[in-house]
Amino acid sequence: MSGENCFEILDKIFQAKKPQKIEEIKGYTIKYGHIIENNEIIDEVLVSYFKKPLSYTTENMCEINSHGGNVLVKKILELCLKNGAKLADPGEFTKRAFLNGRIDLLQAESVIDVIHAKSEREAKAGMKQLEGKLSKKIGEIKQQIMDVMVQLEVTIDYPEYDVEDVTNRQVQEMLNKVEKDLEILEKSFDNGKLLKEGIKTAIIGKPNAGKSSLLNALLKEDRAIVTEFEGTTRDTIEEFVTIQGIPLKLIDTAGIRNAKDEVEKIGIAKSKEIADSADLIIAIFDSSKELTAEDREILELIKNKKSIILLNKIDLQTTKIDENESSLKEVSDYIIKISALNQIGLEKLEQAILDMFQLNEINLDNEIVITNIRHKALIHQAIEDVKKAKDAIQKQIPLDMIAIFIKDILEDLGNITGDVVTEDIINEIFARFCLGK
Ligand code: GDP
């Protein structure tokens, strides 16, 4: 519970083993006792006390730790409600933290990202935003703009000082720098998107090349963190494997698995469809046999796409496909010999994926990564507005007009951190939260 009266409500339902007046209880204290209704013990609990302003929401807060289970939790929740609490809306705790100024909008949104993270990397990127790294960066950019704005206003207000040329140059320099900074942020979204949504990966190959063996090998390596998300229809199960913290979203794994029962119904047409929608294609060939017409069709299909070629079944030692063959080399820079069955060469496959997407430690750990489409759209808008302002200077438009353009940039950035954001947008953002966050 959070809010001015939460301790009073708590008092009506909680009997501490060692009762104390609320004024005497310090923040960050845990007390042991019982939840009581009509003198009857409902549960044995621990209650944590947080006193304003040192809490998640900056309000008075208490957390009741009960024995788990639906019945007890529901009962205690009901008791809180009966005694004057109201059920929190989705994201309401975080929303209050934002409205009370403890975190900015960007940080609030990163709470959602951290909760929904599907991989360690993504959680890490979210955590960085929660720490305020992106907020700080945006703040720095805003400060640069504001510094020049002051100069601009002075020039506009006191034209007799005749510093217009100087001001023009300063504004120009500032805009160039801001543009560069914003562009770096915008670019980072591509990496951020991969972290967030996973690299959409298709495994293709003719029947018996080893697709499902590869799938199983990948899933086995990663068993602990494989997650299956049910799609709207039964055959759109999305499976994620995490490779060194980077999620691969495997597409059409259901197709690969079911193909056996349905007499290999994944034809070339279907493969093409899958390949077209993928960020990465892993094409797998049976190296114990010569390349067939069907194999060549697959190679044709993945030309000009990000692909990795796997020559499978090397354990059979009857290799009929030469890894230096030009028909392979012209399709992909990555030709890797593996045995899906014996799990040989998988680490080379992993390394190839990291290389291809330039996802190494240094990039991801030092870079501020944008993962949120709303932020990306606003940064893009800000870049557009910077361009407009630069253009206006080129055309020697009066400074007071330029000042208006520059205010637009500030507003775009203010929308990200939430200082000028509208009620509607705030509501929309927090509606994405789960209950109780
Ligand atoms: P899919 O039709 O492409 O999904 O192919 P499967 O993964 O079902 O594999 C077809 C057959 O090849 C199965 O009998 C596998 O056991 C076998 N196979 C797959 N990978 C290897 C491998 O690396 N070495 C050997 N010797 N056999 C393999």
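The values are calculated or read from the model by the stated rules, or taken from the named source; none is laboratory data. These numbers were taken from a predicted model, which means no experiment stands behind them. Cβ placement follows ideal geometry from the backbone for every residue including glycine, while neighbour counts extend to all protein chains displayed.
Residues to consider are Val150, Val154, Val178; find the one that is under 27 Å from the mean Cα position of the chain (by Cα), β-branched (Val, Ile, Thr) and in a helix (DSSP H, G or I). Result: Val178 is the single residue among Val150, Val154, Val178 that is under 27 Å from the mean Cα position of the chain (by Cα), β-branched (Val, Ile, Thr) and in a helix (DSSP H, G or I).
Condition check ((1) buried (at least 23 other Cβ atoms within 10 Å of the Cβ); (2) modelled with pLDDT under 75; (3) within 15 Å of the ligand (Cβ to nearest atom); (4) assigned to a loop (DSSP other than H, G, I, E, B)) across all residues:
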{"position": "Ile184", "(1), (2), (3), (4)": "no, no, no, no"}
{"position": "Phe189", "(1), (2), (3), (4)": "no, no, no, no"}
{"position": "Asn208", "(1), (2), (3), (4)": "no, no, yes, yes"}
{"position": "Ser212", "(1), (2), (3), (4)": "no, no, yes, no"}
{"position": "Leu215", "(1), (2), (3), (4)": "no, no, yes, no"}
{"position": "Leu219", "(1), (2), (3), (4)": "no, no, yes, no"}
{"position": "Glu228", "(1), (2), (3), (4)": "no, yes, no, no"}
{"position": "Asp235", "(1), (2), (3), (4)": "no, yes, no, yes"}
{"position": "Leu250", "(1), (2), (3), (4)": "yes, no, yes, no"}
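Scanning region 61-92 for residues that are closer than 19 Å to Glu8 by Cβ and assigned to a helix (DSSP H, G or I) turns up Ile76, Leu77, Glu78, Leu79, Cys80, Leu81, Lys82.
Being within 16 Å of the ligand (Cβ to nearest atom) and part of a helix (DSSP H, G or I) is true for just one of Asp295, Asp355. Which residue is that? Write out each step before concluding.
On the way: Asp355 fails: within 16 Å of the ligand (Cβ to nearest atom).
Just a single option satisfies the conditions, and that option is Asp295.
Considering region 252-276, and only residues there that are surrounded by fewer than 18 Cβ atoms within 10 Å (Cβ to Cβ) and at pLDDT 75 or above, the residue that is nearest to Ala125 (Cα to Cα) turns out to be Asp276. Close Cβ contacts (under 9 Å, 6 or more residues apart or on different chains) running from residues in region 96-113 that are assigned by TED's automatic domain parsing to the domain that holds Leu130 to residues that are of a type in the set (Asp, Glu) and crowded, with 20+ Cβ neighbours inside 10 Å comprise Asp113/Glu122.
So in region 35-65, with the set limited to residues that are of a type in the set (S, T, N, Q) and buried (at least 18 other Cβ atoms within 10 Å of the Cβ), which one is nearest to the chain's Cα centre (by Cα)?
This residue is Thr57.
May I ask you to list the residues in region 299-347 that are among the basic types (Lys, Arg) and either crowded, with 17+ Cβ neighbours inside 10 Å or more than 14 Å from the ligand (Cβ to nearest atom) (or both)?
First, the residues of region 299-347 that are among the basic types (Lys, Arg): 303, 305-306, 313, 320, 329, 337.
Scanning region 299-347 gives Lys303, Lys305, Lys306, Lys313, Lys329, Lys337.
Just one of the listed residues (Glu131, Glu153, Glu120) is in the same structural domain as Glu411 (by TED's automatic domain parsing), among the acidic types (Asp, Glu) and either in contact with a His (Cβ under 8 Å, 6 or more places away or on another chain) or within 30 Å of Lys395 (Cα to Cα) (or both), namely Glu153. Scanning region 13-33 for residues that are farther than 26 Å from Ala97 by Cα and surrounded by fewer than 16 Cβ atoms within 10 Å (Cβ to Cβ) yields a total of 8.
Given the criteria under 33 Å from the mean Cα position of the chain (by Cα) and basic (Lys, Arg), does Lys75 qualify? Walk me through it before giving the result.
Details: under 33 Å from the mean Cα position of the chain (by Cα): no; basic (Lys, Arg): yes.
It is false that Lys75 is under 33 Å from the mean Cα position of the chain (by Cα) and basic (Lys, Arg).
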